[in-house]
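Structure record follows, encoded as structure tokens.
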Amino acid sequence: MSVPHEQPGDGALIAIDWGTSALRAWRMAADGTVLDAASGPWGILNLPEGGFPAALAALLADWPDAAGLKLIACGMIGSVNGWHEVPYVDCPADAAALARALGRPHMGGAVPGIVPGLRQFQPLPDVMRGEETQIVGALALHPDLSHAATLILPGTHSKWVTVRHGRITGFHTAMTGELFAVLSQHSILGRPAEGAEPVAGDEARAAFRRGVQAASSSRQGVAPLLFSARSLFLTGGLGAAATRDYLSGLLVGDEIRAFLADRTEMLPTVLVGEDRLCGLYAQAFEMLGAPVPRLVGNTAPAGLYRIAVEAGYLRPTPEEDTTHGDTT
């Protein structure tokens, strides 16, 4: 479905965030203004008949000028299960390094250039695909973060990313979102909420905050606390549907507690991504007595635009500064 953002204008770029379960696209002007947005349910593991080309054609069907525009994409589209695998770039890296490694497949038809993911090997191997583009966008929209900052990207696999001098220098992954999905949908902890009426906002917030508080008080981590999501229900301490919110609070609270305890210095911190989830993380920070990070929203479109300019897909407008590059 296509959704207009600004007044219709001349499109110059189609920017695509193509993940595991869904994809989104933005039709952009030469200066980076978002003219239209579209989304579809065709993640890389849920493609229609005809595969990637069919999904892309359906997504862009409402944009008559799409066939003449440059395309750039980030996310799982570049993975081994994607349209075209693009090798990871090693940290440290910036927008220029990502642009130099842009996957440019020659498979005929409209195939986007694909942003590579990032990888690091120490202290343990870690990888990301898609988040690197959001980080580039956050730095483009908020240059004050470029000197030194911690960027947190909540999600299925949350990322805690360190940026210094405009480069991503390191990151760590927490599988908080996936753990929540597995435990709430495929374990005994999720059974009370099955078929239960959703709880009201205040009750949900109270259950979430109760979970955060329990996690913040634990010296043993979250594992010994998980069963309390069931035992509180069985003893009348939580309503059935509220057990999901409590479990969410346990997992989010433990993620933040662990990373805050491991930090050796306090850098300016921001939350990048969907407002509702970032808002939950902000609540948890406040409860843990830590400075509440700034929320900067979804920065993927800005990141895709920036990398497209660095890759030569677009001629930058005069006010665009694209001179800073990878200094490794």
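Taking region 87-99 as the range and being surrounded by fewer than 23 Cβ atoms within 10 Å (Cβ to Cβ) and either touching a helix residue (DSSP H, G or I) at 6+ places or on another chain (Cβ under 8 Å) or β-branched (Val, Ile, Thr) (or both) as the test, the residues that pass are Val89, Ala96.
Note on region 291-328: residues that are open to solvent by 50 Å² or more (accessible area, probe 1.4 Å), more than 23 Å from Ile14 (Cα to Cα) and at pLDDT 90 or above amount to 4.
Of all the listed residues (Gly113, Gly155), the sole one being touching a residue at least 40 places away in the same chain (Cβ under 8 Å) and either open to solvent by 30 Å² or more (accessible area, probe 1.4 Å) or under 27 Å from Lys70 (Cβ atoms) (or both) is Gly113. Can you name every residue in region 74-86 that is under 18 Å from the mean Cα position of the chain (by Cα) and surrounded by 24 or more Cβ atoms within 10 Å (Cβ to Cβ)? Passing the criteria: Cys74, Gly75, Ile77, Gly78. Just one of the listed residues (Leu260, Leu250) is open to solvent by less than 30 Å² (accessible area, probe 1.4 Å), in a helix (DSSP H, G or I) and within 17 Å of Tyr281 (Cα to Cα), namely Leu250.
With respect to the conditions (1) open to solvent by less than 50 Å² (accessible area, probe 1.4 Å); (2) outside any helix (DSSP H, G or I), Phe180 lacks only one, and its number is (2).
Among the residues of this structure, Ser216 does not count as one that is under 22 Å from Pro268 (Cα atoms) and free of Cβ contacts under 8 Å to residues at least 24 places away in the same chain.
Of the residues making up region 74-89, one or more are more than 22 Å from Asn298 (Cβ to Cβ), in contact (Cβ under 8 Å) with a residue 12 or more places away in the chain, touching a Lys or Arg at 6+ places or on another chain (Cβ under 6 Å) and of a type in the set (Phe, Trp, Tyr).
The values are calculated or read from the model by the stated rules, or taken from the named source; none is laboratory data. Values in this document were obtained by computation on a predicted structure and should not be read as measured data. For neighbour counting, all protein chains shown are included, and Cβ atoms are generated from backbone atoms with ideal geometry for every residue, glycine included. Calculation scope for accessible area: heavy atoms of the full protein, side chains included, ligands and nucleic acids excluded. Shrake-Rupley method; radii C 1.70, N 1.55, O 1.52, S 1.80 Å.
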